[in-house]
1. Quick one: what pairs do we get from the stretch 96-115, first residue within 10 Å of Ala131 (Cβ to Cβ) and open to solvent by less than 10 Å² (accessible area, probe 1.4 Å), second assigned to a helix (DSSP H, G or I) and modelled with pLDDT of 95 or more, C-beta under 8 Å, 6+ apart or different chains?
2. Residues of the stretch 133-145 being open to solvent by 60 Å² or more (accessible area, probe 1.4 Å) and either touching a residue at least 40 places away in the same chain (Cβ under 8 Å) or within 17 Å of the chain's Cα centre (by Cα) (or both), which ones?
3. Arg57 is checked against (1) of a type outside the set (A, V, I, L, M, F, W, C); (2) buried (at least 24 other Cβ atoms within 10 Å of the Cβ); (3) closer than 30 Å to Arg241 by Cα and fails just one. What number does that condition carry?
4. Given the residues Asp47, Asp79, Asp65, which is the only one that is surrounded by fewer than 20 Cβ atoms within 10 Å (Cβ to Cβ), at pLDDT 95 or above and acidic (Asp, Glu)?
5. Where the second residue is open to solvent by less than 40 Å² (accessible area, probe 1.4 Å) and the first is without any contact (Cβ under 8 Å) to a residue 40 or more places away in the chain and lies in the stretch 224-243, which pairs have Cβ atoms under 6 Å and are six or more apart or on separate chains?
6. Restricting the search to the stretch 197-244, which residues are closer than 14 Å to Gly110 by Cβ, among the small types (Gly, Ala, Ser) and under 17 Å from the mean Cα position of the chain (by Cα)?
7. Can you name the condition, by its number, that Gly110 falls short on among (1) assigned to a helix (DSSP H, G or I); (2) out of contact with any Cys (no Cβ under 6 Å at 6 or more places or on another chain)?
8. Give me the pairs, please: first residue somewhere in the stretch 1-22 and modelled with pLDDT under 90, second residue anywhere and open to solvent by 100 Å² or more (accessible area, probe 1.4 Å), beta-carbon distance under 6 Å, and either six or more positions apart or on two chains.
Amino acid sequence: MREAVDPPGGAPTTRRIALSSGPASILDAGEGPAVVFVHGLPGAARDARWLVPHLQRRARLVAVDLPGFGDTPVSTHADASPEGRAAFVLDVVDALGLDRPAIVGHSMGGVVAVAAVAARPGAFSGLGLLACPGLRPHATFAGFPRRTLHLAVHGPWARWTLPRIQRLFARAGFRNYPDAAVVRTIDALRATVFDAHVRRLRALSLPTLAAWCADDPIVEPEILADLATALPPGPRLVWARGGHVPQKAYAAELADALVGWMDVVRDDPRAGHAAPG
């Protein structure tokens, strides 16, 4: 595991672009074939920052702030479901004029990436899933009181319940997120129909890279391994340690695998397989 570093000068900054539905904030770094990065819940475009030093001379990394996270307002796309957030990602792809980029989703961002591929299969050259939920609900998702917390943050008692919910998130490792991002996370989880995600996974035909760590505390490693077996061909990158954020713990290795794999699938969409890292 190499040291995870931000680019020289600090973490990359985001910029705003205009969509027909409103402003969107993105991290846009590098030149070459494009990689669209979709963050998890909660999260932001900066969750891809560790990849920038390793990709920017070989690929263009476009990481999105999903609506309600980072600097993209909820009003740009109010639909919190995976399908709604996928529509937002596709709007960004169209606005930037990206030609068949690879799409990479981290954690619950993988659910959104899979939904984007299902909505418009021809828009992408390949799919990357980093620590992504699999073919059955992981314990963190299954045990999350989505309906109860949704009622708690949208009722008149929200000002009293939000600090307690923030402590719940902090104990799970999600610290220092603004209240609005926590509320949006709860809304998004409540709007996620896991069976729909499983159906889309089983219907995938796009070459798919999968990467995870065997000590992931959020998604059980056996779920991640089972998913990798069921996916279409592509690199399988497995590390013993690194937790739930492989793009931080193994940024250089992941970037190398992405660039080599993208060269293959863009030249021959039928050739999804590359040697595991």
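The values are calculated or read from the model by the stated rules, or taken from the named source; none is laboratory data. Because the structure is a prediction, the values reported are computed rather than measured. Using ideal geometry, Cβ is built from the backbone for each residue, glycine included, and neighbour counts are taken over all protein chains shown. For the accessible areas, the whole protein counts, side chains as well, though only heavy atoms, and no ligand, DNA or RNA atoms are used. Shrake-Rupley method; radii C 1.70, N 1.55, O 1.52, S 1.80 Å.
1. Gly105/Val111; Gly105/Val112; Gly105/Ala113; Gly105/Val114
2. Correct list: Arg136, Pro137, Ala139, Thr140.
3. Checking Arg57 against (1) of a type outside the set (A, V, I, L, M, F, W, C); (2) buried (at least 24 other Cβ atoms within 10 Å of the Cβ); (3) closer than 30 Å to Arg241 by Cα, the one that fails is (2).
4. Working: Asp47 fails: surrounded by fewer than 20 Cβ atoms within 10 Å (Cβ to Cβ); Asp65 fails: surrounded by fewer than 20 Cβ atoms within 10 Å (Cβ to Cβ).
Answer to the check: Asp79.
5. The qualifying pairs are Ala228/Ala210; Gly243/Cys213.
6. Within the stretch 197-244, Ala210, Ala211, Ala228 qualify.
7. (2)
8. Ala11/Arg46
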